[in-house]
Each structure stands twice: as structure tokens, then as C-alpha cells.
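Take a look at the structure set out below.
The values are calculated or read from the model by the stated rules, or taken from the named source; none is laboratory data. Keep in mind that this is a model prediction, so the values were computed, not measured. Every residue, glycine as well, gets a Cβ built from its backbone with ideal geometry; the counts of neighbours run over all protein chains shown.
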Amino acid sequence: MSNQKPRVRFAPSPTGQLHVGNARTALYNWLFAHHHGGDFLLRIEDTDVERSEIRYEDQLMEDLRWLGLNWTEGPEVGGPHGPYRQSERLDIYSQHTERLLDDGKAYRCFCTTAELDAERAQAIREHKPQIYSGKCRAIDAETSQRRAAAGEPSAIRLRIPDAPLRFHDMVRGEVEFASDTISDPILVRSSGVPVYNYVVTVDDALMKITHVIRGDDHISNTPKQVAIYQAFGWSVPQFAHLSTILGSDRERLSKRHGATSISSFREMGILPEALTNYLALLGWGAEDGKTETFTLDELTREFKLERVTSSPAIFDFDKLHWLNRHYLKLATPERILDLAWPYFAAKNLLPPRSNASDALLQWFGNLVALVLPSVDTLQQLPEKTSFVFARDTTTAQADPENAALLNTDSARRVLQAFALRVRAAATVTPEQFKLWMNEIKAETGIKGKDLFHPVRIALTGAHSGPEFDKLIPLIEEGSRLPLPTPIFSILQRVNRFQSSFDSSSVAEV
């Protein structure tokens, strides 16, 4: 690479949510710029007026910042090459169009839609490429100007020279397109709206972009853009086209494979450092071929475009979850508490965070710490802690595995002995519980899962879960906290469990 400080850009259209493919493109641009001490620009390509919405623009900027990808130039930041929304640059495009027309590098095309459709139909019949015939090329400038001034609709086309169009791709090497496969592309539609390939090239040139890093779906656009650079006499930037991201079925990643938007991953409780780390691995790898966990700073130091592969990347949700578990373990308890709280508040299990007492914060922190190692995402926490909040004893008893454990003579004897002890005690502590279970074991001769599983089902609704020395305090302390959905104490759970049995079950407990 030359000594020139690189300038790269991420240029999304605000027509939908930011998805993983575009987010990876943004990340690779950001990493490339920061690795080489360059600039990362954000440009909003909003010329599709009908589909562009400000809410999508706001969302994509929020998502980029959440990922840690701040921009050095662009909306809300400014810079010397603005404006950074294409809808605000229409005069710039118009001026450059006039320049191309004056220089004879572009011409007006008066062909109607019907005429162009007829050309394409004939090409199909003759098994020829469906390209424009160029019949308006020969119209002299004076005639063209007169017809346009008279109000005759016309598009503006670029005059493609009779020579191959070449560019260097930093991922794929040298690429060449024959000029007759391109024809003369439209720059400005008859409606006056400039097309994507035109405005993106003008913007990249005027914003001094040195490297264009984007998805491989843009490869076919590149020769047209190269031709526009050449028409203006501008230097052509280096290109790097990133491979497609596929689902597990090796089809292009889409919603049918699961979450694909950055906002969806945020809602699931994927940490930004986990998602950034994973996106980086979709087509790139460390030089040692082994390291898979990277902070953003470590990625910045390690990232090289030369290590980006042209092979499609497979999106592996299991790998993403593995990385998320890794970063959940590294996060501070305070951060996890703050991130986890909204998932419980949304289910009316906790009050608003601002109303939380110190006792509630301490209790909730202990609850989350207990189950955090067993979740892939923060969204799973309420379900994983249902053993504390659980209230439906009928469902617990109806579970086939639970029913098989409960409908035995040993379960009846254990539960009866346990209930007698709980009702005689003011509170239940882990020490008391351990003593009681030893006493019941000695009295009945029942041990192992036959001893503990019935009690666990009565208290939590499931036959497996956390150790009792951690479970008992969480239930008892939680029952004394003012919560929107009160937690039942050990005694209340035993009584409710008893009342829910029918005559054929353990009703005597």
C-alpha cells in the first residue's frame, strides 16, 4: 500500500434495518482505516425517496455506534467534504452532468421505454446480450440540446470507450470487463433522478475515497464506475469485494435463517463485542490461524485485507453464541445487571430500574450470576431464572418426567416429611435444609435423586437446577422483596404444591 493515508466509507441506504452483511462491510472499512491511521466516512445514500426513512437512518447510526464504529466524517459529525446525505447533493450531481455533456463524454438518450423494451425483446430472440444499441450516440450536440429545450424527455448516458475496463480487486486480483458487455449506462434517468452508479462514483471521488470495500454483489457495478472515473479524469480507487454471507444451508443469509439485523441481535442480548468479534471472522482470520477472540483494539492491530478470503462465509449461530458466552463471563457484574434488568422489567418481574433498592440490586445480581454461565444470550435469563419466579404448579406436575418422579411411594414420603418441617419453621436457611434432608434420608432410607428431586419439583417446578444452598436464599430473600410479581416463599410453595394435587397424587403432603 502507498504512503497515502487511506480514506474509506460506509454508504448504506436508509431503506431498512442494518443487517449482518452491511455491518461486516462497515466493520472491515473501519478496521482498515484505523489499522492504517486513515479516515472512516459515513455517507447516507438516500436518493430512493420512496423507500428511504429517517427512522432507518437513525437506527443504522445507533447500531454503528453500539458496535463501536464511530465515523470521522459524516452525518452528526460533519467534515470538509459534506454534505453527507445524497439527497442534499443533487446540485453537485447536476453540475457534473453538465460537465460530461459539454465534454462529449455523455449524451442525451431520447429512446422511450417502449423502444428500449423492443430492443431487449429482439436481443432475446436473437440470443444476443441485452445491451443498449447506442442509436442516440450519433445525435449531434446542437440537435440534442434543441430537443431537450423543447421538453422532449431524455435520459443521460455515459459514452463508453471501445476498450476493456479493468480494475484491481484487493481480494480477487485483476478484473477485466469487455466494453461491449457494459453498453452505455444511464447516469440520469429521464425523470431527472441520478442513478446509483453515477452518484456513488461522484461522491467517492469528491470525498477522496482511496479504497472501496464492499460486498461482492457490487462487482458488476464496478466497470461502470471505473468508466465514470475515467470520463472525469479522476484516479480510480482500489476495490475490495467481500464474499457473500450464507446460512447453514449455503443459501444467501436471510430472515428464514434467524435473526439477521443488528437491532435483532441487540434485542436478543448479544453483546456488541461478541458480535463485532464474530463479524470479523466472517471471511477473515488471524495470521496464526488459531486465535478467535479479539477485542476491537486487537482486531485493529491484526486486520489486513490480504487475509480476507473470496470464499463465501457461513453464518454459524452456535459460534456467535459461544463468543457471546465468552464475553458475558468477562463483563463486570454491574454491566450485566444493567443490561439484564430490562428483560425482567418487560415481563413485570422487576420494577423500573430507577425504583430499585440496594437490597433488590444485590439479590438480582446474585440471581443473574447464578444462571449466567448457562445462557447464550441475555434474553434467555428470565426463562433460566423461572425456578425463582415460577408459579404454575399444575404444569410442573403434568410434565411427564416430573410426574414419573412424583407418583411414587418414596416421593410421597419425602414430600410429607419435608412439608412437616417447613411448616414448623419460621424461615428456611441452607443449613436447615441440609439438616432436614439428612434427617429425612435417615428416617426413610431414601437417597439420591429419589430424595432430592421431589423436593426440587415442589420448590421450583423442575427436577434439575441450581444447588440448594444457592437456591434457598434466593427464594427466601426474594419473597421478602417488594416486587411487581411477588415471589412465593418456601412455605408458600409447599402449601401451593399440596393444594394442587388431586386425590390420586400426594394429597396428604
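Considering segment 238-263 alone, what residues qualify as being modelled with pLDDT of 90 or more and touching a Lys or Arg at 6+ places or on another chain (Cβ under 9 Å)?
Residues of segment 238-263 that are modelled with pLDDT of 90 or more, as a first pass: 238-246, 261-263.
Of everything in segment 238-263, those that are modelled with pLDDT of 90 or more and touching a Lys or Arg at 6+ places or on another chain (Cβ under 9 Å) turn out to be Phe239, Ala240, His241, Leu242, Thr244, Ile245, Leu246, Ser261.
Do you know which residues across segment 177-205 are within 34 Å of the chain's Cα centre (by Cα) and among the charged types (D, E, K, R)?
Within segment 177-205, Asp203, Asp204 meet the criteria.
Which members of segment 141-167 meet the condition of being under 16 Å from Val188 (Cβ atoms) and of a type in the set (S, T, N, Q)?
Ser144, Gln145, Ser154
If I filter segment 214-257 down to residues being small (Gly, Ala, Ser) and more than 28 Å from Arg166 (Cβ to Cβ), which single residue comes out as farthest from the chain's Cα centre (by Cα)? Can you show your working first?
Kept after step one, since they are small (Gly, Ala, Ser), are these residues of segment 214-257: 215, 220, 227, 231, 233, 235, 240, 243, 247-248, 254.
From what is left, the residues that are more than 28 Å from Arg166 (Cβ to Cβ) are 247-248, 254.
Values: Gly247: 14, Ser248: 17, Ser254: 12 Å.
Out of the qualifying residues, it is Ser248.
I'd like the full set of residues that are among the small types (Gly, Ala, Ser) and buried (at least 17 other Cβ atoms within 10 Å of the Cβ), limited to segment 418-452. Give the derivation first.
Step one: filter segment 418-452 for residues among the small types (Gly, Ala, Ser), giving 419, 424-426, 442, 445, 448.
Result: Ala419, single match.
For segment 187-214, give me each residue that is of a type in the set (Gly, Ala, Ser) and closer than 16 Å to Ser87 by Cβ.
The first filter runs over segment 187-214 and keeps only residues of a type in the set (Gly, Ala, Ser), leaving 190-192, 205.
Result: Ser191, Gly192.
Each row is one residue, and each column tells you yes or no for (1) assigned to a loop (DSSP other than H, G, I, E, B); (2) over 15 Å from Pro342 (Cα atoms).
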| position | (1), (2) |
| --- | --- |
| Gln362 | no, yes |
| Ala369 | no, yes |
| Asp376 | yes, yes |
| Gln379 | no, no |
| Glu383 | no, no |
| Ala396 | no, yes |
| Asn402 | no, yes |
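Each row is one residue, and each column tells you yes or no for (1) more than 19 Å from the chain's Cα centre (by Cα); (2) without any contact (Cβ under 8 Å) to a residue 60 or more places away in the chain; (3) exposed (fewer than 13 other Cβ atoms within 10 Å of the Cβ); (4) assigned to a helix (DSSP H, G or I).
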site	(1), (2), (3), (4)
Ser310	yes, no, no, no
Lys319	no, yes, no, yes
Leu323	no, yes, no, yes
Leu328	no, yes, no, yes
Arg335	yes, yes, yes, yes
Tyr343	no, no, no, yes
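I'd like to check something: does segment 62-72 contain any residue that is touching a Leu at 6+ places or on another chain (Cβ under 6 Å) and within 30 Å of Ile186 (Cβ to Cβ)? Before you say what the answer is, go through the steps one by one.
Residues of segment 62-72 that are touching a Leu at 6+ places or on another chain (Cβ under 6 Å), as a first pass: 63, 68, 71.
Now restrict to residues that are within 30 Å of Ile186 (Cβ to Cβ): none.
No, segment 62-72 has no match at all.
Please find, among Glu443, Glu431, the residue that is part of a helix (DSSP H, G or I), among the acidic types (Asp, Glu) and free of Cβ contacts under 8 Å to residues at least 12 places away in the same chain. Reasoning before the result, please.
On the way: Glu443 fails: free of Cβ contacts under 8 Å to residues at least 12 places away in the same chain.
Answer to the selection: Glu431.
Which one of the conditions (1) without any contact (Cβ under 8 Å) to a residue 60 or more places away in the chain; (2) under 25 Å from Asn348 (Cβ atoms) does Arg421 fail to meet, given that it meets all the rest?
All conditions are met except number (2).
So which residues in segment 345-359 are assigned to a loop (DSSP other than H, G, I, E, B) and either of a type in the set (Lys, Arg) or surrounded by 14 or more Cβ atoms within 10 Å (Cβ to Cβ) (or both), if there are any at all? Spell out how you get there, then give the answer.
First, pick out the residues of segment 345-359 that are assigned to a loop (DSSP other than H, G, I, E, B): 346-352, 356-357.
Lys347, Leu349, Leu350, Pro351, Ala356, listed by residue number.
Can you say whether Pro153 is under 29 Å from Asp48 (Cβ atoms) and part of a loop (DSSP other than H, G, I, E, B), as far as the supplied structure shows?
Numbers: under 29 Å from Asp48 (Cβ atoms): yes; part of a loop (DSSP other than H, G, I, E, B): yes.
Taking the combined requirement at face value, the residue satisfies it.
Checking the structure you have, find out if any residue of segment 275-286 is farther than 29 Å from Arg65 by Cβ and either in a helix (DSSP H, G or I) or hydrophobic (A, V, I, L, M, F, W, C) (or both). Talk me through it step by step, then tell me what you get.
Keep residues of segment 275-286 that are farther than 29 Å from Arg65 by Cβ, which gives none.
Looking for residues that are farther than 29 Å from Arg65 by Cβ and either in a helix (DSSP H, G or I) or hydrophobic (A, V, I, L, M, F, W, C) (or both), one finds none in segment 275-286, hence no.
Does His168 fit the bill of being within 23 Å of Lys5 (Cβ to Cβ) and not acidic (Asp, Glu)? Full working, then the answer.
Working: within 23 Å of Lys5 (Cβ to Cβ): yes; not acidic (Asp, Glu): yes.
Taking the combined requirement at face value, the residue satisfies it.
Only one of (1) within 39 Å of the chain's Cα centre (by Cα); (2) under 12 Å from Ala396 (Cβ atoms); (3) modelled with pLDDT under 90 fails for Ser464. Which number is that?
With (1) within 39 Å of the chain's Cα centre (by Cα); (2) under 12 Å from Ala396 (Cβ atoms); (3) modelled with pLDDT under 90 applied to Ser464, the lone miss is (2).
Those residues that are touching a strand residue (DSSP E or B) at 6+ places or on another chain (Cβ under 6 Å) and among the hydrophobic types (A, V, I, L, M, F, W, C), I need them from segment 1-19; list them, please.
Val8, Phe10
Table: residues versus (1) closer than 30 Å to Glu306 by Cα; (2) in contact (Cβ under 8 Å) with a residue 12 or more places away in the chain; (3) touching a Lys or Arg at 6+ places or on another chain (Cβ under 8 Å); (4) aliphatic (A, V, I, L, M).
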| position | (1), (2), (3), (4) |
| --- | --- |
| Tyr84 | yes, yes, yes, no |
| Gly134 | no, yes, no, no |
| Glu142 | no, no, no, no |
| Arg166 | yes, yes, no, no |
| Val171 | yes, yes, no, yes |
| Ser179 | yes, yes, no, no |
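Identify, from the list Asp409, Asp376, the residue that is more than 36 Å from the chain's Cα centre (by Cα) and over 18 Å from Leu459 (Cβ atoms).
Asp409
Are there strands (runs of 3 or more DSSP E) fully within segment 157-237 with at least 3 residues that are within 25 Å of Pro312 (Cα to Cα)? List them. Walk me through how you get there before you give the answer.
Working: elements: 165-169, 173-177, 186-188, 211-215.
Those strands (runs of 3 or more DSSP E) span 165-169, 173-177, 211-215.
Quick test of your reading of the structure: Ile182 fulfils all but one of (1) within 16 Å of Gly134 (Cβ to Cβ); (2) at pLDDT 95 or above. Name the failing condition by number.
Every listed condition holds for Ile182 apart from (2).
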